[in-house]
Amino acid sequence: MLVVALPRLSSRATASDLVDYTLTAAPMPFSPVPGLNFPGLAYNGTIPGPLLRIVHGQRLRATFINKTGQGSTIHWHGMILPNNMDGADGVTQPAVPPGGSFLYEFPPDPPGTRWYHDHVSDGLLRGLFGMIIVEDPRDLRPDAEFALVFHDVPKLSTVGPAMMGIGNAPMTDPPGSPELMQMTSDDKMGDEVAFSAHCINGAAYPNTKRLAVKVGQHVRLRILNANPTQTRYVRLAGHRLTVTHSDGNPLARPIEVDALRVGVAERYDAWFEVSAPGSWLLQGLSSDPLAYEQAAVVHTDGMEQAPPMASSQSLEGVDFLTYEKAGGTGGALPAQSGAHYDFTLDGGKYGSSRWTINGQTYPNTPKIYVHRNDIVNVRFLNKTDMEHPMHLHGHVFEVTEIDGTALMRPLAKDTSLVRANGGTLSWRFRANSPAGKWLLHCHNAIHMMDGMMTLVEYV
Ligand code: C2O
Ligand code: CU
């Protein structure tokens, strides 16, 4: 595997180090493509918010100043942290009122590619998100590294109807391969909310920032899908990608693929080697023609003006990352130890504003009560025709089973896609996070607002 021969970062943090950031959220008109004027909300005047970097072992102090004109909080997605720092509106803190401020302070853990975002009303849809990298001193050192936030500009007029279950009729599939059709079923999530631009780090192609690399370099990509409803398939033309981390957590072994499947709120770290001069497109693949704009040029010296090699938008024959591939199949289903919860995901019928867990919407959904060090198994069964990116705050869980197949190397994650139309997926986690109430919810913003949410509560 290409990454094993690289030098390691030396540890350079001590626990006494403190890193200070100020994040001021305020309205910002956002125009990533000509003619589009989106009433954005931004941290420090940029969408996405600033890339925060900290070395594992350092302490983060983030002063949040809310000038949005509405309530807001910051949730630190993927972090294990004191419960009152989790930023869950109405659960771990009241929303910070307009004009108010809040001090978030904690030692970010575990290391890896994490992110932060608003956890009140429509802040996430309007631009309040950013990546935070918690550098792992044990990681291999890349020759170059790019942090890429894939995000999209929603048509806000479609959000209300989507919440009522009366959103856009499904798009007519363009003629294409069975895989493209299959992909459209993922994109069905987006048929509820329509999008007017697809961006990487605040711009749409061809205005995205070019990523300069050199022949011989080992390059690390850190990719976040901050879209509120849609899965992204990400591919770099002319290259295979070696995936090392899922949601910031190291894979038991790296895995090589053509493309990444990045569900809502998921992150992947993937490496590639620059073996020849050239210019290539890093693209989000989609059956939605608008999404062709979601691309950035990767080029070697002197090739910045060369027409970049591009991938076809079809997924036909494309070897993309799945949990089965990342974790390997063929293991035995784990012997059941600990508590077991069965959660059936349902709702979302036409005309309905309900997305349910065991027939209920939050706060009437069944809760998970835990004692310290309990082992908890959760098995999801998805009865809807959309996939659900299920997320747990304040913990890293292991994905142990998908559609009845056990993973040989359970995947450490904080968000995982449960397949549509009868898909199942199981998590296992140990209740060894700080005591408190931790949200468990679907990260599709519409489904979350429509009730597909519950709590893990330490008692
Ligand atoms: Cu990204 Cu409730 O979370
Ligand atoms: Cu969902």
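Every number here is computed from the coordinates shown, using simple stated rules; none is lab data. Just so it is clear, the structure is predicted and the values come from calculations on it, not from any experiment. Please note: Cβ atoms are built from the backbone with ideal geometry, for glycine as well, and neighbour counts cover all protein chains shown.
In units of the rule-of-thumb radius 2.2 N^0.38 Å, the range 197-319 shows an alpha carbon radius of gyration of 1.01.
A DSSP coil position with no more than 11 other Cβ atoms inside 10 Å describes the following chymotrypsin sites (Phe, Trp or Tyr not before Pro) in the range 282-384: Tyr350. Residue by residue, the range 147-155 carries 3J(HN,Hα) couplings of 9, 10, 9, 8, 8, 9, 9, x, 7 Hz when phi is fed to the Karplus relation 6.51 cos²θ - 1.76 cosθ + 1.60 (θ = phi - 60°); x denotes Gly or Pro.
Computed over the range 336-448, the alpha-carbon pair-distance distribution with 5 angstrom bins reads 2, 12, 22, 26, 20, 11, 5, 1, 0, each value a whole percent. Calculated [222 nm] ellipticity per residue, helices only, for the chain: -2000 deg cm²/dmol; basis is -39500 (n - 2.57) per DSSP H run with n ≥ 4, divided by all residues, nearest 500. Only Cα pairs under 8 Å and 6+ residues apart enter the sum, and on that basis the relative contact order of the chain stands at 14 percent. Translational diffusion of the range 15-79, estimated by Stokes-Einstein from the Kirkwood radius over alpha carbon pairs at 37 °C in a medium of 0.692 mPa s, is 243 µm² per second. Multiplying the residue separation of Glu273 and Thr22 by 0.36 nm and subtracting their alpha-carbon distance yields 86.8 nm.
Computed over the range 45-161, relative contact order equals 33 percent, with contacts defined as Cα pairs under 8 Å that lie 6+ residues apart. Potential lengthening of the chain between Gln305 and Met408 amounts to 32.5 nm, from the contour at 0.36 nm per residue minus the alpha-carbon distance. Computed over the Cα atoms of the chain, the ratio of the radius of gyration to the Kirkwood radius (Rg/Rh) comes to 0.94.
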